[in-house]
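Engineer: I'd like to ask you about the structure that follows.
The values are calculated or read from the model by the stated rules, or taken from the named source; none is laboratory data. A quick note: this is a predicted structure, and the numbers were derived from the prediction, not measured. In this analysis, Cβ positions are derived from the backbone assuming ideal geometry, glycine residues included, and neighbour counts consider all displayed protein chains. Side chains included, ligands, DNA and RNA excluded: accessible areas come from the protein's heavy atoms. Shrake-Rupley method; radii C 1.70, N 1.55, O 1.52, S 1.80 Å.
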Amino acid sequence: MNAQAGRPDLEVPVLIVGGSLVGLSTSLFLGRLGVRHTLVEKHAGTSIHPRGRGNNVRTMELFRVAGAEDGIRRAAATLADNHGILQTPSLVGGEGEWLFREIDPGGGLARFSPASWCLCSQNDLEPVLLDRAVELGGDLRFSTELQSFDADPDGVTAYLKSRETGEHTVVRAQYLVAADGPRSPVREQLGIGQSGPGDLFHNISLTFRSRRLADVVGERRFIVCYLTRPDADGALLPVDNREHWVFHAPWHPERGETLEDFTEERCAEHIRRAVGDPDLDVEITGRAAWHAAQRVAERYRAGRVLLAGDSAHEMSPTGAFGSNTGIQDAHNLAWKLAAVLGGWAGDGLLDTYDSERRPVAEATSARAAARSVEHSHPGYAPAPEAGGGGRAGGILNVALGYRYPRGAVVGTDPAAEVVPEKLALTGEPGSRAPHLWVRHRGDRVSTLDLFETSPVLLSGGPGAGPAGVRCDWHGAAVRLAEKLSVPLVSLRLGPGAELVPDDDTDWAGRLGISPAGAMLVRPDGFVAWRSPEPAADPEATLHEVLSTVLSLS
């Protein structure tokens, strides 16, 4: 504490607790928006374990706009040619089947997104996020532990301790973001409960070296291989496709098994049996227990404290939905914190973080559990009546097609499914805005590149509204931005406009509006509202929409 009576050592708008994938992503996204913040992480550095490798297309869209995509793809170069998921009793012999060979067969995803999936292990991804977050001005402090905090209506006082020096620091923040993991001390202190089935299964993650395994694998460049031999099942993941590998073996603590039971000899023999080569060279280099669970916090907000990532939700690792959902939590939350702190949105906007993201976690965690059943994940055998937690469905509609029926949106169907059965990015309010290639200031960009730092109104030229009244959405937006002190950007589409479609794309049809209609897109790229046709009074219409979306009184 500062020597001056009662003064904290540091005052900052946002304090992030936890410096893993979600905490680092929160720092990255806040830095991109110019929000001053401090991040504290009790460990000395970023992850050293090759886990959490699947970054889906939506996550890569977010990293693209934040300026981190190129660095991530460089870090991921070793596994760039690994695509499929193989399920087989053994890697020796011709049995088994590919659950899928390609994530994006035929390249059809390019119609929907300027980005693509990326296989980048957590130990390679986190340093890239760290470097970019620091570059954007983030104050990141490792070996620093949150010991306790006091929350009040005006902010949070946090008490920190350096694990290197023992020094104590008092931080006063307007908001605290808890990205402190599944056993979140912050969530526990707040007394926030969790819903869901709870623990699903337990695994031991083994890192090992084997030079001969690459010969056994051959040309099968899988993301993961599920080995299903009853007495030696497991999941095999390549680290470098040459000699470094990871194996997830089932662990049954409910049967009395302990971590100590997994000796190097037992683990090496288990891997040999699973692979199907009794003479395989196996050198165990690391062991770590992990637990798959399905839980969602009962609320994501408690006053000035907000939960993100594993502190808010846990889900089966199959499909890598957990880390991606957490990163997307961070992106949703970052623009809302920026808007409230910037004074152009009301505090009620932060309540929509819960109403939007919690249903996504509930729906996604059920899909993840169902996919674990489909993939025969080692150690997971739910009772038949449990059904694996839900239907597996396609990956892309879960990763990219989720939507917000309730929240900072206008004109949605509150009863709509959060995860639709089919991917439909047609510009409906509550869904991610459509991707179009356009020319903007001479550069070829995706429309998704335009939605990061402010709300954006997309429209065509002036058109005739009801009763022949001229409707000029652009002029109305320019006037309202000044009147409401909202950083609303208005961009027109069409020949000679700010945005010129890169080809003969029916841009209005792709957005679901007429050439004289309009669409309001939030800074996170989600459609807040759209008017397919002109309005009699566009300024009054936009005023009402903005007031609702931004919780302006």
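Engineer: Arrange the peptides 430-441, 450-461 so that the one whose residues have, on average, the most other Cβ atoms within 10 Å appears first.
Structural biologist: 450-461, 430-441
Engineer: May I ask for the net charge around Asp261, where only other residues with Cβ less than 15 Å from the Cβ of Asp261 are counted and Lys, Arg are +1 while Asp, Glu are -1?
Structural biologist: In short, -3.
Engineer: Now for a different question. For region 195-258, evaluate the Debye formula with one uniform point scatterer on each Cα (no solvent term) and list log10 I(q)/I(0) at q = 0.15, 0.18, 0.20 Å⁻¹, rounded to two decimals.
Structural biologist: Listed by q, the Debye log ratios stand at -0.56, -0.74, -0.85.
Engineer: Also, quick follow-up: Go ahead and estimate [θ] at 222 nm for the chain from helices alone: -39,500 (n - 2.57) per DSSP H run with n ≥ 4, summed, over the residue count, rounded to 500.
Structural biologist: -8000 deg cm²/dmol
Engineer: Let me see the P(r) profile for the chain: every Cα-Cα distance counted, bins of 20 Å, each bin given as a percent of all pairs.
Structural biologist: Final binned percentages: 21, 51, 25, 3, 0.
Engineer: I've got another one for you. Which trypsin sites (Lys or Arg not before Pro) in region 1-100 pass both tests, a DSSP loop state and at most 11 other beta-carbon atoms within 10 Å?
Structural biologist: none
Engineer: Hey, what did region 128-264 get for relative contact order, percent, Cα under 8 Å, at least 6 apart?
Structural biologist: Here the relative contact order equals 15 percent.
Engineer: Moving on to the next point. If you average 1/r over all unlike Cα pairs in region 1-65 and invert the result, what Kirkwood radius do you get in angstrom?
Structural biologist: Across region 1-65, the inverse of the average 1/r is 14.1 Å.
Engineer: Rounded to a whole number of µm²/s, how large is the Stokes-Einstein D of region 403-553 at 37 °C and 0.692 mPa s, given Rh as the Kirkwood radius over C-alpha pairs?
Structural biologist: Stokes-Einstein gives a translational diffusion coefficient of 212 µm²/s.
Engineer: Also: Treat every Asp and Glu Cβ in the chain as -1 and every Lys and Arg Cβ as +1, leave all other atoms uncharged, and give the resulting dipole magnitude about the Cα centre to the nearest 20 debye.
Structural biologist: My answer is approximately 740 debye.
Engineer: Kyte-Doolittle mean at least 1.0 and Cα extent at least 15 Å along the axis: which DSSP H helices of the chain qualify?
Structural biologist: 21-32
Engineer: Continuing with this model, one more query. When ranked by the protection proxy of mean other Cβ atoms within 10 Å per residue, highest first, what sequence do the peptides 163-174, 240-251, 320-331 form?
Structural biologist: Descending packing order for the listed peptides: 320-331, 240-251, 163-174.
Engineer: Expressed as a whole percentage, what fraction of the accessible surface of the chain belongs to carbon and sulfur atoms when a 1.4 Å probe is rolled over the protein heavy atoms?
Structural biologist: Carbon plus sulfur share of accessible area: 48 percent.
Engineer: With an 8 Å cut-off on Cα pairs and a minimum separation of 6 or more residues, tell me the relative contact order of the chain in percent.
Structural biologist: 14
Engineer: Which whole-number value in Å² is the accessible area per residue of region 462-553, probe 1.4 Å?
Structural biologist: Normalised by residue count, the accessible surface of region 462-553 is 43 Å².
Engineer: A follow-up question, please. Over every pair of different alpha-carbon atoms in region 1-137, take the mean of 1/r and invert it; report that Kirkwood radius in Å.
Structural biologist: It is 17.4 Å.
Engineer: Next up: Would you list, by chain and number, the lysines whose Cα falls below 28 Å from the Cα of Lys42, excluding same-chain residues fewer than 8 positions away?
Structural biologist: Of all the lysines, those that pass the test against Lys42 - Cα under 28 Å, at least 8 places apart if same chain - are Lys161, Lys336.
Engineer: Of Gly218, Leu190, Gly93, which is farthest along the charge dipole of the chain in the positive direction, counting Lys and Arg as +1 and Asp and Glu as -1 at C-beta?
Structural biologist: Leu190
Engineer: Suppose each label sits 7 Å from its Cα in the direction of the beta carbon; what would the Ser162-Glu264 distance come out to in nanometres?
Structural biologist: Using points 7 Å along Cα→Cβ, the separation is 3.7 nm.
Engineer: Once the principal axes of the Cα atoms of region 269-330 are found, what is the range along each, listed largest first in whole angstroms?
Structural biologist: Ordered largest first, region 269-330 gives principal extents of 59, 20, 17 Å.
Engineer: While we're here: For region 1-79, what is the charge dipole size about the Cα centre, in debye to the nearest 20, if Lys and Arg each add +1 at the Cβ and Asp and Glu each add -1 at the Cβ?
Structural biologist: 240
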